[in-house]
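Everything on this sheet refers to the single structure shown next.
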Amino acid sequence: MMVASLQVIVDGLSIGSTYALLALGLSLVFSVMGFVNFAYGSLIVWAGYAIAVTDSVGAPYALTILVMVVFTVVLSIAMGRFAFRPFITAPPATLLLTSFGVALALQAVAIFVFGEAPRHVPTPPVLIESVSVGGVRISLLQILALGLSVIVLVALNLLIQRTTFGIEIRAAAEDSKAAQLMGVRPPKVLLVVFAISGVVAAVVAFVWFARIGTVDPRADLTPTLKAFIAVVLGGLGTIRGPVIGGLLLGLFESVLASFLTTNLLAFQSAFAFGLVILVLILRPQGVAGRVVELAK
Amino acid sequence: MGSPAAGRTSPAPALSALGIEKRFAGVTALDGVDIEVGQGETLGLLGPNGSGKTTLVNCVSGVVRPNAGRVLIDGIEIGHLSRDRRARAGLIRTYQNLRLFTDLTVAENIEVGLLAQRGRPREQRRNLVRRSLAEQGLEDVARLPVSELPYGAQKRVEVARALVSEPKVLLLDEPGAGLGSSETELLSEALRSARSRFSCAMLMIDHNVNLIMGLSDRIVVLSDGKVLRSGTPAEIAGDPEVISVYLGQVPQKLPR
């Protein structure tokens, strides 16, 4: 029993740390621009294709990951530059709709180029082989997922709290007009934020596809939804909100997976959304968030 | 950046706003206003509510676009520049209602004032912020979120943020609003010492006539979007037309 519950916690933390990063990438853009970027999952999908395509020309795994990281960051910056920057002064609703448009467009292009069928994304077996540590089965990938999440979190926290860039981002997030009168360039801040969010997406994509092993054009919805749920659970406006939300969601899923019978397991997402509704009713600002004011 | 070499007189005024017109839905807020502020000079703007003082400051800082007119810094046209580029050209403003970043600490808020100047080494930025904190007596609260400070101290943070970059032109929109007399005295002192240290040009609005009269080299009185009078504080205080339009309760004795 002890070992079984430890297993649930290890699995939950490992998947939860990935959700935490996903949520962080989403909430970063939200806190500066005031909209939920529904095209965020498309970044993950295209990152998967980047790995698959590089692999299909015979590149070694490390190179495929390197290409994927560069490609994802560039795609994220391009998204910010061409899809969102033109609407930088528009109300958040416009940006929200834009993000749906971008998601649809990227999906359509993926279908056109790669077809509907899932493509294989390679993973070195060493990453996913589980070893038993005192009865708890854990893979190198799970340890990597946790470790990478901690590194990204610490780095991001330092960047936001300790650097001039961070001050610029926080100032622009709170009062973009006043910040501009102090010499802050909101368009530049936007691009920096999309670049950072692209790096986070690339890290997520690495863990995500190593675990799943395939990519298809419609796979963007799951990561976007997981990030969205985690953000709602944890709350917006802080770094720890999405992190706590992501870990909670991971643990919740892990617990459900171990206790639910097979025929109920199909409703796992329904349970997750039930939890979201409950949190929204009882504590709308999330478990660890604060009340966020949208731009007037 | 930095101030021009000492002793060299700039041929053009630090700030000129020429022929500024601004209409809001049929209401003419500014009807061809000309002002010039020389380097190191302080110009006080007086006028009843609705005379166009704040609109003029907004036109100069780029918050609103005038329908006509030109804005120049050191003789260089900046009327087409965005707000952030005006800030980087050395034009900084404060707000009537505080516009501090409540999520940031006191020191971070002041550091935002330095964002307009790229390329300053980290150590220099730190020193500037530290000196600025000391000048305003804010060292003890430097690490606190600015929202935890009382109003008077927040006002000092706003002044510190505006002064830290040693701007060429400083626009002060009611810097004394809501301050007690001792706080107003501190404010005057800070502005005077800033002026003597880096001879910035100041354009100032305030309802506190004593504050304006005490600090300004020249006064411009606006009425109905036009310049009614322009002159030294003494000339303005003695002008019968100004008194009838605005200074109904002129101070008995001018503060010196």
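The values are calculated or read from the model by the stated rules, or taken from the named source; none is laboratory data. This structure is a prediction, so every number in the text was calculated from the model and none was measured. Glycine gets a Cβ as well: all are built from the backbone with ideal geometry, and neighbour counts include every protein chain shown.
A few comments on the model shown:
- Residue check: B:Glu148 meets all listed conditions (1) farther than 21 Å from A:Gln161 by Cβ; (2) of a type in the set (Asp, Glu); (3) more than 10 Å from chain A (Cβ to nearest Cβ) but one, namely (1).
- Of the criteria (1) under 16 Å from the mean Cα position of the chain (by Cα); (2) outside the structural domain of B:Arg86 (by TED's automatic domain parsing), which one B:Leu191 fails: (2)
- Residue in segment A:166-179 that is among the hydroxyl-bearing types (Ser, Thr, Tyr), within 14 Å of chain B (Cβ to nearest Cβ) and surrounded by fewer than 15 Cβ atoms within 10 Å (Cβ to Cβ) present: no
- Residues of segment A:261-289 that are surrounded by 12 or more Cβ atoms within 10 Å (Cβ to Cβ) and assigned to a helix (DSSP H, G or I): A:Leu264, A:Leu265, A:Gln268, A:Ser269, A:Phe271, A:Ala272, A:Phe273, A:Leu275, A:Val276, A:Val279, A:Leu280.
- Within segment B:98-131, considering residues that are within 10 Å of B:Ser165 (Cα to Cα) and crowded, with 21+ Cβ neighbours inside 10 Å, the one nearest to the other protein chains (Cβ to nearest Cβ): B:Ala116
- Taken over segment B:61-78, the criterion of being buried (at least 18 other Cβ atoms within 10 Å of the Cβ), in a loop (DSSP other than H, G, I, E, B) and more than 14 Å from chain A (Cβ to nearest Cβ) is satisfied by B:Pro66, B:Asp74.
- Matching residues in segment A:158-184 - criterion: being out of contact with any Leu (no Cβ under 9 Å at 6 or more places or on another chain) and part of a loop (DSSP other than H, G, I, E, B): A:Thr163
- Test for A:Ala145: is it farther than 19 Å from A:Thr18 by Cα, among the aliphatic types (A, V, I, L, M), away from every other protein chain (no Cβ under 14 Å) and in contact (Cβ under 8 Å) with a residue 12 or more places away in the chain: no
- Qualifying residue in segment B:188-200 (condition: closer than 23 Å to B:Asp84 by Cβ, aliphatic (A, V, I, L, M) and within 14 Å of chain A (Cβ to nearest Cβ)): no
- Residue under evaluation A:Ala110, criteria (1) over 23 Å from the mean Cα position of the chain (by Cα); (2) part of a helix (DSSP H, G or I), criterion not met: (1)
- Residue within segment A:188-200 that is closer than 24 Å to B:Gly90 by Cβ and either within 14 Å of another protein chain (Cβ to nearest Cβ) or among the polar types (S, T, N, Q) (or both) present: yes
- Taken over segment B:152-173, residues that are surrounded by fewer than 21 Cβ atoms within 10 Å (Cβ to Cβ) and either among the polar types (S, T, N, Q) or touching a Gly at 6+ places or on another chain (Cβ under 6 Å) (or both) amount to 1.
- Leading residue by the ranking (surrounded by the fewest Cβ atoms within 10 Å (Cβ to Cβ)) among those in segment A:16-30 that are of a type in the set (Ser, Thr, Tyr) and farther than 16 Å from A:Ala272 by Cβ: A:Ser17
- Residue in segment A:153-163 that is touching a helix residue (DSSP H, G or I) at 6+ places or on another chain (Cβ under 6 Å) and more than 10 Å from every other protein chain (Cβ to nearest Cβ) present: yes
- Count - residues of segment A:78-118 that are over 23 Å from A:Thr54 (Cβ atoms) and of a type outside the set (Gly, Ala, Ser): 18
- Of the residues examined, A:Ala195 is one that is surrounded by fewer than 23 Cβ atoms within 10 Å (Cβ to Cβ) and touching a residue at least 24 places away in the same chain (Cβ under 8 Å).
- Residue, surrounded by the fewest Cβ atoms within 10 Å (Cβ to Cβ), within segment B:87-97, restricted to residues that are at the interface with chain A (Cβ under 8 Å from one of its Cβ atoms) and within 14 Å of the chain's Cα centre (by Cα): B:Tyr95
- Checking each residue in segment B:174-184 for being touching a residue at least 60 places away in the same chain (Cβ under 8 Å) and either buried (at least 23 other Cβ atoms within 10 Å of the Cβ) or more than 22 Å from B:Asn49 (Cα to Cα) (or both) picks out only B:Pro175.
- When segment B:112-130 is filtered for residues that are out of contact with any strand residue (DSSP E or B) (no Cβ under 9 Å at 6 or more places or on another chain) and under 17 Å from B:Lys155 (Cα atoms), the ones remaining, listed by number, are B:Val112, B:Val129.
- Residue in segment A:134-157 that is at pLDDT below 90, of a type outside the set (Lys, Arg) and assigned to a loop (DSSP other than H, G, I, E, B) present: yes
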